[in-house]
Amino acid sequence: MGEGGGRRRVVRLRAFGPPDVMEWAEGPAPARGDDEVAIAVEAIGVNFGDTMVRRGEYRRDQPLSFVPGFEVAGTVTAGPADGPPVGATVVGFTEHGGGYADAVVLPRDHVLRVAEGVDATTAAALFTQGVTAWYAVHRYGRVAPGDAVLVPGGAGGLGALAIQLCAGLGARPIATASSEERRAIAREHGAVAALAPDPDALTGAVRELTGGRGADVVVDGVGGALFAPAMRALAFGGRYVVVGSASQAPAVLDVRGLMPRGQTVCGFVVARVMEEDAGEPQRAFDAVQAAWRAGALRPRVTVLPAAEVARAHALIESRRATGKIVLAVDR
């Protein structure tokens with residue numbers, strides 16, 4: 001028997017378009033089913049995909065009623081007896097959108113435990129990007145000590161965490177970033193070198209930095225014009241891991257080059273990993289939180305009031321944002 005949800009505040013889209021089409025409005029809170037968890041949201045992680053939702057580009061049949069937001073952190077207010085207890089701090093994976101709200105209801109397997117000592121803002125900053133970086137480095141990239149790892153977009157939230165994870169393993173991360181200020185940030189996170197994202201110069205620069213060998217692993221969240229030169233910079237036996245496409249531009253792969261060089265190319269999204277492995281992403285999130293508690297991961301976080309959601313989107317789309325943007329929900 002579902003429980004009535006009362007009222008909540010949620011972001012609505014007046015139309016598809018620029019950031020100012022978003023507005024906070026009051027509406028009915030969703031009812032909770034028997035195997036679902038209700039969360040009072042305290043922090044909302046903002047991601048590039050949210051801007052695609054706002055523009056109507058996230059999926060082909062996307063209605064205006066689709067609410068942006070794919071990750072929240074907050075406090076459990078109700079749930080099944082064998083779920084997280086009332087009052088516990090959790091992260092909610094709002095896989096199908098709906099995270100821009102002050103209250104959400106989610107299936108129990110989309111609610112993850114937050115470790116003791118990790119506050120809601122930090123949890124929201126670590127979840128999606130931290131888990132994605134963890135999978136890219138450990139599960140798919142299989143980064144080992146001494147490996148050269150090329151990370152396009154190394155000043156962004158995901159790129160910065162991937163660099164920190166690689167540096168913690170004793171690997172040698174090489175970043176690209178669009179300005180000297182952003183390149184300095186990438187170096188602060190542990191990049192041994194930071195390059196301009198110049199498609200004409202990237203391959204040669206990476207090979208020079210690696211003594212001619214190339215990058216053992218590429219963790220690419222940018223794509224577009226950087227894909228081909230990054231692929232040419234991949235070493236024999238290298239692993240190319242696609243984690244995003246911030247450029248929103250197509251990339252072409254000539255698979256004939258893979259065979260003589262023994263290379264692999266793969267991509268993933270967290271939701272599909274969850275479907276394949278019931279223990280994920282909690283195991284990866286636990287590892288990410290442990291790394292944060294040990295000081296090995298330090299996300300660069302910009303916290304804005306939830307009322308400034310339009311500003312958050314504008315920052316992301318301007319490419320001026322570094323690290324992670326988190327919206328703080330006033331309760």
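The values are calculated or read from the model by the stated rules, or taken from the named source; none is laboratory data. As the structure is a computational prediction, the values presented were derived from the model and not from experiment. Don't worry about glycine lacking a Cβ; one is built from the backbone with ideal geometry, like all the others, and counts go over all protein chains shown.
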Entirely in the stretch 51-146, the strands (runs of 3 or more DSSP E) that have 1 or more residues that are hydroxyl-bearing (Ser, Thr, Tyr) and surrounded by fewer than 18 Cβ atoms within 10 Å (Cβ to Cβ): 71-78
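For every residue, the table says whether it meets (1) farther than 22 Å from residue 73 by Cβ; (2) among the β-branched types (Val, Ile, Thr); (3) surrounded by fewer than 21 Cβ atoms within 10 Å (Cβ to Cβ); (4) not assigned by TED's automatic domain parsing to the domain that holds residue 167.
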| position | (1), (2), (3), (4) |
| --- | --- |
| 205 | yes, no, yes, no |
| 215 | yes, no, no, no |
| 219 | yes, yes, no, no |
| 224 | yes, no, yes, no |
| 233 | yes, no, no, no |
| 241 | yes, yes, no, no |
| 260 | yes, no, yes, no |
| 264 | yes, yes, yes, no |
If you take the residues in the stretch 259-306 that are hydrophobic (A, V, I, L, M, F, W, C) and touching a strand residue (DSSP E or B) at 6+ places or on another chain (Cβ under 7 Å), which one is nearest to residue 234 (Cα to Cα)? 265
Could you say whether any residue in the stretch 43-56 is free of Cβ contacts under 8 Å to residues at least 24 places away in the same chain, farther than 18 Å from residue 312 by Cα and out of contact with any helix residue (DSSP H, G or I) (no Cβ under 7 Å at 6 or more places or on another chain)? no
Which of (1) touching a residue at least 40 places away in the same chain (Cβ under 8 Å); (2) assigned to a helix (DSSP H, G or I); (3) touching a helix residue (DSSP H, G or I) at 6+ places or on another chain (Cβ under 9 Å) does residue 182 not meet, given it meets every other one? (3)
Candidate set from the stretch 201-260 (those that are modelled with pLDDT of 95 or more and polar (S, T, N, Q)); member that is nearest to the chain's Cα centre (by Cα): 203
Conditions (1) part of a helix (DSSP H, G or I); (2) at pLDDT 95 or above; (3) out of contact with any Phe, Trp or Tyr (no Cβ under 6 Å at 6 or more places or on another chain); number of the one not met by residue 288: (3)
Quick one: how many residues across the stretch 57-89 are more than 28 Å from residue 314 (Cα to Cα) and aliphatic (A, V, I, L, M)? 5
Residue check: is residue 20 farther than 30 Å from residue 156 by Cα and not hydrophobic (A, V, I, L, M, F, W, C)? no
Hey, can you tell me all the residues within the stretch 257-276 that are of a type outside the set (A, V, I, L, M) and closer than 25 Å to residue 231 by Cα? 257, 260, 261, 262, 263, 264, 266, 267, 268, 272
The stretch 299-319, residues that are among the basic types (Lys, Arg) and either in a helix (DSSP H, G or I) or buried (at least 16 other Cβ atoms within 10 Å of the Cβ) (or both): 300, 311
